[in-house]
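Some notes on the structure that comes next.
The values are calculated or read from the model by the stated rules, or taken from the named source; none is laboratory data. Predicted, not measured: the structure shown is a model, and the values here were computed from it. Methodologically, a virtual Cβ is constructed for each residue, glycine included, from the backbone with ideal geometry; neighbour enumeration extends over all protein chains shown. For the accessible areas, the whole protein counts, side chains as well, though only heavy atoms, and no ligand, DNA or RNA atoms are used. Shrake-Rupley method; radii C 1.70, N 1.55, O 1.52, S 1.80 Å.
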Amino acid sequence: MKQFITTCALACCAAMAHADGLQDLEKFLREVNSGKANFTQVVTSPRRASDNVARSKTSSGTFEFLRPDRFRFVYAKPFEQTIVADGQTLWLHDVDLNQVTSRAQKDALGSTPAALIAAGADLKGLSDAFELKSAAARDGLAWLEARPKDRNGQLQMVRVGFRQGQLAVLDIEDSLGQRSVLTFNNWQANAPLKLGDFKFQPPPGAAVVKP
């Protein structure tokens with residue numbers, strides 16, 4: 001029994017030693033050109049002096065992407081919201097406000113977590129915008145750290161977790177101390193998506209804002 005436990009421990013250590021987030025990202029970029037998944041997002045804000053615990057809120061929905069530069073987040077709970085990148089424009093539709101915000105995609109996505117998933121075709125391209133390095137394996141995942149080279153933006157750090165080469169977690173920190181953790185499940189790698197799936201038309205009567 002002791003030998004069995006020792007063997008299992010050594011096998012586990014070997015697996016952890018070979019976990020490499022940078023290699024997993026490279027493989028993901030090379031082999032997965034589209035995808036669909038469900039996600040849960042937990043946003044935690046810094047604790048204020050009047051708070052006993054940090055404030056957090058949880059939302060959930062679906063995510064899909066198609067390279068190059070197309071993705072869609074559909075938030076279903078607790079509030080309905082849709083974010084679409086169609087290759088030219090980044091759209092944000094707030095259902096409760098009946099308001100659509102649009103901005104040029106090239107100005108909005110360069111150093112964002114979405115760029116790591118949907119925009120980059122290879123590590124070289126991503127390295128123009130991010131400092132990339134593998135991090136220690138934990139929680140059964142291989143981890144990558146991506147820090148924007150532009151230090152003036154709101155994004156400070158993205159940690160990307162892979163489980164057996166499949167995207168599992170995005171852990172995002174911003175300059176205000178807010179942390180957003182997206183956990184993905186039910187992945188469909190190389191889902192049969194097409195460019196037309198990412199077209200967005202503002203609903204009738206919606207106010208369209210261009211910051």
**Report entry** Tail beyond 14 Å, pair distance distribution of segment 63-109 (Cα, percent)
**Finding:** 49
**Report entry** Ranked by how many other beta carbons lie within 10 Å on average, peptides 60-66, 144-150 from highest
**Finding:** 60-66, 144-150
Query raised in the report: At a 1.4 Å probe radius, carbon and sulfur cover how many percent of the accessible area of the chain?
Result: 52
Query raised in the report: Taking springs between alpha-carbon atoms closer than 10 angstrom, which of 81, 201, 156 fluctuates most in the Gaussian network model of the chain?
Result: 201
Query raised in the report: Hey, got a sec? Which trypsin sites (Lys or Arg not before Pro) in segment 22-51 land in a DSSP loop and have at most 16 other Cβ atoms within 10 Å?
Result: 47, 48
Requested in this report: Express the accessible area of the chain per residue in Å², computed with a 1.4 Å probe while the remaining protein chains stay in the model.
Outcome: 58
Report summary line: Net charge near residue 36 (other residues with Cβ under 14 Å of its Cβ; Lys, Arg +1; Asp, Glu -1) is +2
Requested in this report: Enter the per residue convex hull volume of the chain, computed from alpha-carbon coordinates, in Å³ rounded to the nearest integer.
Outcome: 163
Report task. With label points built 7 Å along Cα→Cβ from the Cα atoms of residue 127 and residue 58, find their separation and express it in nm. Result -> 4.0
